[in-house]
1. How much of the accessible area of the chain, probe 1.4 Å, is carbon plus sulfur, in whole percent?
2. Mind listing the long-range amide H neighbours of LEU38? Cut-off is under 5 Å, sequence gap 5 or more, other chains count too, H placed in the peptide plane at 1.01 Å from N.
3. Quick one: which residues, 5 or more positions from ASN20 or on another chain, have an amide H under 5 Å from its amide H? H modelled 1.01 Å from N in the peptide plane, none for Pro or chain starts.
4. Give the accessible surface of the chain per residue, rounded to a whole number of Å², with probe radius 1.4 Å and ligands, DNA and RNA excluded.
5. Given only helices, namely DSSP H runs of n ≥ 4 each adding -39500 (n - 2.57), what is the per-residue ellipticity at 222 nm of the chain, to the nearest 500 deg cm²/dmol?
6. Peptides 38-44, 82-88: what's the order by average Cβ count within 10 Å, highest mean first?
7. Report the per residue volume, in Å³, of the convex hull enclosing the C-alpha atoms of region 38-92.
8. Could you work out the per residue convex hull volume over the alpha carbons of the chain, in cubic angstrom?
Amino acid sequence: MFKQLFNQPTKTDTLPRIENIKAPDLKKRLDAGENLFLLDVRSSMEYQYDGHIAGSRLLPLNALRSRINELPTDQPIVCICRSGNRSQFACEELAAAGFENVINLSGGMFGWQMAGYPIQ
């Protein structure tokens, strides 16, 4: 609407597109050996006690902004949470910070476990 009114790009027009994938698609990409950085943005308690995807790295959402420099810029980052909501927000934060290849795991760990995929 603002773009139409003022002929100016809105903030979301300038951000990279965020890809959303479901558990089966992520599993296929991992099985194919795709070089993905798995970023789990849940709390440390959820990560430890509810399980996590093998190879994922924990960086709770509340610490993401202050530790964003720890993330790779040369590979796709898949954000993971319990249901896909916090990870969507994490993707938006990363995109706003200039990360160009961010992916949200829709359905999160619920979807991963419902599909019967292994957790650690």
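The values are calculated or read from the model by the stated rules, or taken from the named source; none is laboratory data. Computed from a prediction, not measured in an experiment: that's the story for all the values here. Here Cβ is always computed from backbone atoms with ideal geometry, including for glycine, and neighbour counts include all displayed protein chains. These accessible areas exclude ligands, DNA and RNA; they are computed on the full protein's heavy atoms, side chains included. Shrake-Rupley method; radii C 1.70, N 1.55, O 1.52, S 1.80 Å.
1. Working: 3690 of 7190 Å².
Carbon and sulfur together cover 51 percent of it.
2. ARG57, VAL78
3. ASN104
4. Values: 7190 Å² over 120 residues.
Solvent-accessible surface per residue comes out at 60 Å².
5. Numbers: 7 runs with 47 residues, N = 120.
When only DSSP H runs of four or more count, the value is -9500 deg cm²/dmol.
6. Working: 38-44: 21.3, 82-88: 19.4.
Put in order of decreasing packing, that is 38-44, 82-88.
7. Here the figure is 78 Å³ per residue.
8. Details: hull volume 13.6 nm³, N = 120.
It is 114 Å³ per residue.
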